[in-house]
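Enquirer: What follows is a single structure, and I will ask about it in a moment.
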Amino acid sequence: MSDLGAPILAAGDDASLDEAVAVLGSGGTVVLPTDTVYGLAALPSVEGATQALFELKGRSGDHPLAVLVADLDQALELVAFDEPAVGRWMAELWPGPLTIVLRRSAVASGLALGGGPETIGVRCPDHPFVRALAAEVGPIATTSANRTGEPTPVTAGEAAASLVGAVDLVVDGGPAGTVASTVVDASGDEWTILREGAVTAEQLS
């Protein structure tokens, strides 16, 4: 147990994946590394689990959570789309720092992600630990591991300490980046960049 009130395990530790699977499966919260910034994660399929993410960030549930997936197949189970560019983005820019907001499929209709029930933001991250975790537990609801309105720290311990309360597990993947994923909304007739991050508008076009 650390001073944060939660165990800290290295992402490369043999026990870290099993522990993260257990914590998320029981409805707990995890700070974990991604290919962008540190994330704060819970399972949207476990009743009440994602509510803790909003409380830890000090954020209203009006702001939707994105989901991280293991691979393209897992993503396609969650979404419906007509925009031809979406398939290209998934093939060329995933795994990577691109979150795509699409209409929810029937499979995703019951996931508790905040915001409206019609859409879902999905991303396949370029981080082997997170993809292995999602392969075990299913899509993972994630938001940046920082208090709302404050910068996201670059270390696991600082990210966990920045939150309103204690998480159940911290997975340390070393120093993280400071640029979040690009978020593009392709749920309607035309796609729109909601947040430009590591993927540029030129790459999307």
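The values are calculated or read from the model by the stated rules, or taken from the named source; none is laboratory data. Note that the structure is a prediction, hence the values are computed from the model and not measured. Positions of Cβ are generated from backbone atoms using ideal geometry, with glycine treated the same way; all protein chains shown enter the neighbour counts. Ligands, DNA and RNA are excluded from the accessible area calculation, which covers all protein heavy atoms including side chains. Shrake-Rupley method; radii C 1.70, N 1.55, O 1.52, S 1.80 Å.
Enquirer: Can you pull out the residues in the range 18-35 that are open to solvent by less than 10 Å² (accessible area, probe 1.4 Å) and either of a type in the set (Ser, Thr, Tyr) or modelled with pLDDT under 95 (or both)?
Expert: Thr29
Enquirer: Need pairs with beta-carbon distance below 9 Å; first residue free of Cβ contacts under 8 Å to residues at least 40 places away in the same chain and among the polar types (S, T, N, Q) and within the range 94-122, second open to solvent by 30 Å² or more (accessible area, probe 1.4 Å) and not in a strand (DSSP E or B); sequence gap 6+ or separate chains.
Expert: Ser105/Leu76; Ser105/Glu77; Ser109/Pro117
Enquirer: Does the range 102-112 contain at least one residue that is buried (at least 16 other Cβ atoms within 10 Å of the Cβ) and of a type in the set (Gly, Ala, Ser)?
Expert: yes
Enquirer: Moving to a separate point now. So how many residues does the range 36-59 have that are among the polar types (S, T, N, Q) and surrounded by fewer than 24 Cβ atoms within 10 Å (Cβ to Cβ)?
Expert: Start the filter on the range 36-59 by keeping residues that are among the polar types (S, T, N, Q), which leaves 36, 45, 50-51.
Retained after the next criterion (residues that are surrounded by fewer than 24 Cβ atoms within 10 Å (Cβ to Cβ)): 45, 51.
Total satisfying the criteria: 2.
Enquirer: Just one of Ala132, Ala201, Ala180, Ala145 is surrounded by fewer than 21 Cβ atoms within 10 Å (Cβ to Cβ), in contact with a helix residue (DSSP H, G or I) (Cβ under 8 Å, 6 or more places away or on another chain) and among the small types (Gly, Ala, Ser); which is it?
Expert: Numbers: Ala201 fails: in contact with a helix residue (DSSP H, G or I) (Cβ under 8 Å, 6 or more places away or on another chain); Ala180 fails: in contact with a helix residue (DSSP H, G or I) (Cβ under 8 Å, 6 or more places away or on another chain); Ala145 fails: surrounded by fewer than 21 Cβ atoms within 10 Å (Cβ to Cβ).
From the options Ala132, Ala201, Ala180, Ala145, the qualifying one is Ala132.
Enquirer: If you don't mind, there's one more thing I want to ask. Looking only at the range 165-188, how many residues end up being outside any strand (DSSP E or B) and closer than 18 Å to Ile120 by Cβ? It would help to see each step written out before you state the result.
Expert: Taking the range 165-188 first, the residues outside any strand (DSSP E or B) are 165-168, 173-181, 186-188.
From what is left, the residues that are closer than 18 Å to Ile120 by Cβ are 180-181, 186-188.
So the answer is 5.
Enquirer: Continuing with the same structure: Are there any pairs, at least 6 apart or on different chains, whose C-beta atoms fall under 9 Å, with the first in the range 189-201 and assigned to a strand (DSSP E or B) and the second surrounded by 11 or more Cβ atoms within 10 Å (Cβ to Cβ) and among the hydroxyl-bearing types (Ser, Thr, Tyr), and if so, which?
Expert: Ile193/Thr182; Leu194/Thr99; Leu194/Thr182; Arg195/Thr99; Arg195/Ser181; Arg195/Thr182
Enquirer: Which ones in the range 90-146 are out of contact with any strand residue (DSSP E or B) (no Cβ under 7 Å at 6 or more places or on another chain) and of a type in the set (Gly, Ala, Ser)?
Expert: Correct list: Ala91, Gly96, Ala106, Ser109, Gly110, Ala112, Gly114, Gly115, Gly116, Ala132, Ala135, Gly138.
Enquirer: Now for a separate question. For the range 35-49, indicate whether the set of residues that are more than 14 Å from the chain's Cα centre (by Cα) and not small (Gly, Ala, Ser) is non-empty.
Expert: Yes: one or more hits.
Enquirer: Any residue at all in the range 39-48 that's in a loop (DSSP other than H, G, I, E, B), in contact with a helix residue (DSSP H, G or I) (Cβ under 9 Å, 6 or more places away or on another chain) and among the β-branched types (Val, Ile, Thr)? Explain how you work it out, then say what you get.
Expert: Within the range 39-48, the subset in a loop (DSSP other than H, G, I, E, B) is 43-48.
Pick out the ones that are also in contact with a helix residue (DSSP H, G or I) (Cβ under 9 Å, 6 or more places away or on another chain) and you get 43, 45-46.
The next check asks that each one be among the β-branched types (Val, Ile, Thr); those that pass are 46.
Looking through the range 39-48, at least one residue is in a loop (DSSP other than H, G, I, E, B), in contact with a helix residue (DSSP H, G or I) (Cβ under 9 Å, 6 or more places away or on another chain) and among the β-branched types (Val, Ile, Thr).
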